[in-house]
Amino acid sequence: LNSEYLYLLFVVFILAILSFYWANLASEKLKKFSLSNLIRKPKALGWQGSFFLLAVVMSIFAIARPQGDPKQIETLTKSLDIMLVLDTSKSMNAEDVFPSRLGRAKHSINLLLDNLSGDRVGLIAFAGTAALISPLTTDYEIVKTFLNAVDTSLIPTQGTDIGRAITLIRESFLRGSSENFDPKSRTHIAILFSDGEKNSGDDINAVKGAKQTGIQLHAIGIGTTKGAPIPVKDNRGNLYGYKKDRSGNTVVSKVNYSSLKEIAKSGGGLFFVSTPGENEIRKLAKFIEGLKRSEGKDTKARIYKEYF
């Protein structure tokens, strides 16, 4: 029901009131004439006017489009489930790539979304722990909105715990699928955007476990081997120094390509190095486009009976 159109009924009501007021006013004026009984008294609306207003009222109700008796239906779709996994540890603030590692990662994700179509996409942020930012959806604009709000202060627990992220990836895929879900019956992809710092052997075991359940993990390394200091900023974004170790020396964060390569290899996916032109994102999108889509009944629509 488009209820905003029902406000037009007030206009009809006012017109009817004005019509009766005009008729009564004209009748009072006629009483001043002695031969007023010989003059036809004005009527408020008459049959024609009444039917006209009734037609207007019915038209307003038709435009408002009343609906009811909703029915749920399932539509068959062929798509992939893609989980975007974004590293939000403090090292992602390093500015050895423009505008920063996190800024480059977010721009690459936006570019990837622009090159996808019809697949369900979700977003996970992780550092020392992991959080689901956006569940699986085909509404890419919603994912972009959530992505825009992500920064390195989102997850207070610092570190780079890939294992926690992998666990959440599997849970999110399970949660976003139908009741009788078989992990191997649908294609699942996770894409990791990280500088690869401080990954452990336990992370590799988690990646291998995810691969066994049908999750293909790709990795994109963001940063340079030369590295850069990690800026420390206040709540307003003003720089007031760089992160230092316990000895008071400035910490230089360097990307760990070898760790990310191992993660991609163990996850059965591809590894890319982030570049200024972001051609790796287009290559990845083309690879994803060539993958076989699986059929599912995850998309539900609500159909209403029209009463207008």
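Dividing the alpha-carbon radius of gyration of the stretch 212-289 by the rule-of-thumb value 2.2 N^0.38 Å gives 1.46. Summing +1 for each Lys or Arg and -1 for each Asp or Glu, what net charge is found among the other residues whose Cβ lies under 15 Å from the Cβ of ALA264? Surrounding charge for ALA264 is 0.
Extending 7 Å from Cα along the Cβ direction at ASN110 and again at GLN48 yields two label points whose distance is 6.2 nm. Measuring r between the beta carbons of PHE287 and ASN205 and using R0 = 30 Å, the FRET efficiency lands at 0.70. Solvent exposure of ASP195, expressed as accessible area, is near 0 Å², computed with a probe of 1.4 Å over the protein chains only.
Checked against a 22 Å cut-off, the cross-linked pairs LYS90/LYS233; LYS208/LYS243; LYS144/LYS286 give Cα-Cα distances beyond that limit for LYS208/LYS243.
Between ASN2 and ALA131, residue separation times 0.36 nm minus the direct Cα-Cα distance comes to 42.7 nm.
The heavy atoms of THR157 present about 80 square angstrom of accessible area, all protein chains included, probe 1.4 Å.
Note on ILE303 and THR145: their simple-model spin labels are 2.9 nm apart, each label 7 Å out from Cα toward Cβ. Among the trypsin sites (Lys or Arg not before Pro) in the stretch 216-261, those placed in a DSSP loop whose Cβ has at most 12 other Cβ atoms within 10 Å are LYS226, ARG236, ARG246.
The H on the amide N of LEU123, modeled in the peptide plane, is under 5 Å from the matching H of LEU84, ILE133, SER134, each at least 5 residues off or on a different chain.
For ASP119, ASP234, give the ranking by accessible area with the largest first, probe 1.4 Å.
My answer, sorted largest first, is ASP234, ASP119.
Within the assembled protein chains, the solvent-accessible surface assigned to THR224 is about 40 Å², based on a 1.4 Å probe. One Cα centroid belongs to the stretch 1-25, the other to the stretch 66-128; the line between them spans 50 Å.
Under 17 Å from a label point set 7 Å out along the Cα-to-Cβ vector of ASP69, the amide N atoms of the stretch 1-21 belong to 1. The antiparallel fraction among DSSP beta bridges confined to the stretch 184-249 stands at about 30%. FRET efficiency for the THR250 to LEU154 pair, using the beta carbon distance and R₀ = 25 Å, is estimated at 0.50.
Per-residue extension of 0.36 nm, minus the Cα-Cα distance of ALA16 and THR138, leaves a gain of 39.0 nm for this segment.
The values are calculated or read from the model by the stated rules, or taken from the named source; none is laboratory data. Given the structure is predicted, the values throughout are model-derived calculations rather than measurements. When we count neighbours, we look across all protein chains shown, and the Cβ atoms used for this are built from the backbone with ideal geometry, even at glycine. With ligands, DNA and RNA removed, areas are computed over all heavy atoms of the protein, side chains included. Shrake-Rupley method; radii C 1.70, N 1.55, O 1.52, S 1.80 Å.
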